[in-house]
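Colleague: Mind looking over this structure? Questions follow.
Taken together, the values in this text are just the output of simple stated rules run on the coordinates, not laboratory data. What you are looking at is a predicted structure, and each value in this text was computed from that prediction instead of being measured. We place every Cβ from the backbone using ideal geometry, glycine too, and count neighbours over all the protein chains shown.
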Amino acid sequence: MTDLEHMLERQAQWQKSRQSLTWPEKIRMAERVRESVRQLRAQPHPTDLAPDFRIP
Amino acid sequence: MKELAQLLNEMQRVGVIRDYALFGATAQMRYTEPVATLDADVLVAVASADRLDVLGGIYEFCAAKGYRPEGEAIRVGAWPTQFIPAFSPLTQEAMEQAETADFEGVAFRVVRADHLAVIALSVGRAKDLTRILALLESGSVSRDAIKSLAARYDLAEVWQRFESKFLND
């Protein structure tokens, strides 16, 4: 198995472990990351920072 | 979220709403791994559907309980909550056939996985299509179940396109 395959395997295992949590536990996880998500979405899109920039 | 379940059950008990069911990302998490979301979405059938402001009764009840509007939502505990009248035959059926789950000891009506998938199919944004894939991956719904339900709501072609784009090798 290559390094990439190992990495994907670990990622799949991690996701499966999260799926087996109880629903209230998953909701609490979502609550914990929500403020970070809100702040990320509130940030201007990178292209908004330089509206005059155009790819030639 | 438990506070939201309690509030919804109380609204149903006193007759502010006839029925409700949680849907969207917070409902999806019952079946899949956790996903990032900012708010909770609830399908509702209001008791006084002939009112011009269909959700007025809900807002009044929430205000009396101390829950305040936050944009288009009402904050209930940690969750800005959007109340959405069941807007189509599909969402109507999803609400009526919702399952009653247990959320930390409180009954909480939640849209079934097959209805979540077909509602997502009908909306069709990228995050909705991702939801269908997550539900399938979790094993909470089968392709056949989605196909059958989609066909009943005139979404057979949309499902066929989704299958050929994302599921067929």
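Colleague: Using modelled amide H (1.01 Å from N, peptide plane; none on Pro or chain starts), what sits under 5 Å from the amide H of B:ILE84, excluding residues fewer than 5 places away?
Modeller: Answer set, sorted by chain and number: B:VAL42, B:LEU43, B:VAL44.
Colleague: I've got another one for you. Give the distance, in whole Å, between the Cα centre of the stretch B:71-117 and the Cα centre of the stretch B:1-43.
Modeller: First find each Cα centre; the distance between them is then 4 Å.
Colleague: Based on the mean of other Cβ atoms within 10 Å per residue, sort peptides B:93-104, B:108-119 so the most packed one is first.
Modeller: B:108-119, B:93-104
Colleague: For the stretch B:13-104, what does the alpha-carbon gyration tensor say about shape, rounded, prolate or oblate, given a ≥ b ≥ c as the root eigenvalues, a/c under 1.5 as rounded, and a/b over b/c as prolate?
Modeller: Cα axes put the stretch B:13-104 in the oblate bin.
Colleague: Using a cut-off of 12 Å between beta-carbons, work out the net charge of the residues near A:LEU21 (Lys and Arg +1, Asp and Glu -1, A:LEU21 not included).
Modeller: Net charge around A:LEU21: +3.
Colleague: Still on this structure, please answer the following. What is the spin-label model distance, in nm, from B:ASP144 to A:GLU31 if the labels are put 7 Å beyond Cα along the C-beta direction?
Modeller: Placing both labels 7 Å beyond Cα along the Cβ direction yields 4.0 nm.
Colleague: Would you calculate, for the protein assembly as shown, the mean residue ellipticity at 222 nm contributed by helices, counting each DSSP H stretch of 4 or more residues as -39,500 (n - 2.57) and dividing by all residues, to the nearest 500?
Modeller: My calculation for the protein assembly as shown gives -15500 deg cm²/dmol from helical runs alone.
Colleague: Distance check, please: which entries in A:LYS26/B:LYS2; A:LYS26/B:LYS147; B:LYS127/B:LYS165 exceed 22 angstrom between their Cα atoms?
Modeller: A:LYS26/B:LYS147
Colleague: Further question on the same structure: Relative to the longest principal axis of the C-alpha atoms of chain B, give the angle of the C-alpha long axis of helix B:2-14, reported between 0 and 90° and rounded to the nearest 10°.
Modeller: 70
Colleague: Modelled label-to-label distance, B:VAL123 and B:GLU96, 7 Å Cα→beta-carbon offset: nm?
Modeller: Calculated label separation equals 2.2 nm.
Colleague: Between 0 and 90 degrees, rounded to the nearest ten: what's the tilt of helix B:126-138 against the longest Cα principal axis of chain B?
Modeller: 70
Colleague: Now a separate question. Based on the Cβ-Cβ distance from A:GLN13 to A:ARG38, what FRET efficiency comes out when R0 is 22 Å, to the nearest 0.05?
Modeller: The computed FRET efficiency comes out at 0.15.
Colleague: Return the single residue from B:THR26, B:THR130, B:THR37 with maximal mean-square fluctuation; model: Gaussian network over chain B, springs between Cα atoms under 10 Å.
Modeller: Comparing B:THR26, B:THR130, B:THR37 in a Gaussian network model of chain B, the most mobile one is B:THR37.
Colleague: How high is the relative contact order of the stretch B:53-169? Use alpha-carbon pairs under 8 Å, at least six apart in sequence, and give a whole percent.
Modeller: About 14 percent, as a whole number.
Colleague: Based on the Cβ-Cβ distance from B:ALA64 to B:LYS165, what FRET efficiency comes out when R0 is 41 Å, to the nearest 0.05?
Modeller: The value I calculate is 0.30.
Colleague: For Cα pairs less than 8 Å apart in space and 6+ apart in sequence, what is the mean separation divided by the residue count of the stretch B:115-167, i.e. the relative contact order in percent?
Modeller: For the stretch B:115-167, the relative contact order is 34 percent.
Colleague: What percent antiparallel are the DSSP beta bridges of the stretch B:2-111, to the nearest 5?
Modeller: If I count the DSSP bridges inside the stretch B:2-111, around 75 percent turn out antiparallel.
Colleague: Check which residues have an amide H placed less than 5 Å from B:GLU70's amide H, if you skip close sequence neighbours.
Modeller: Here B:ARG75 satisfy the definition.
Colleague: Would the stretch B:115-167 count as rounded, prolate or oblate if I go by the C-alpha gyration tensor, calling it rounded below 1.5 in a/c and otherwise prolate when a/b exceeds b/c, oblate otherwise?
Modeller: rounded
Colleague: Where Lys and Arg each count +1 and Asp and Glu each count -1, what net charge lies around B:ALA5 among other residues with Cβ under 12 Å from its Cβ?
Modeller: Combined, the nearby Lys, Arg, Asp and Glu give -2.
Colleague: Express as a percent, rounded to the nearest 5, the fraction of DSSP beta bridges in the protein assembly as shown (both residues included) that run antiparallel.
Modeller: Given both bridge residues lie in the protein assembly as shown, the antiparallel proportion sits at roughly 75 percent.
Colleague: What distance in nm separates the simple spin-label points at B:ASN9 and B:ALA36, each placed 7 Å from Cα in the Cβ direction?
Modeller: Taking the two extended label points, one gets 3.3 nm.
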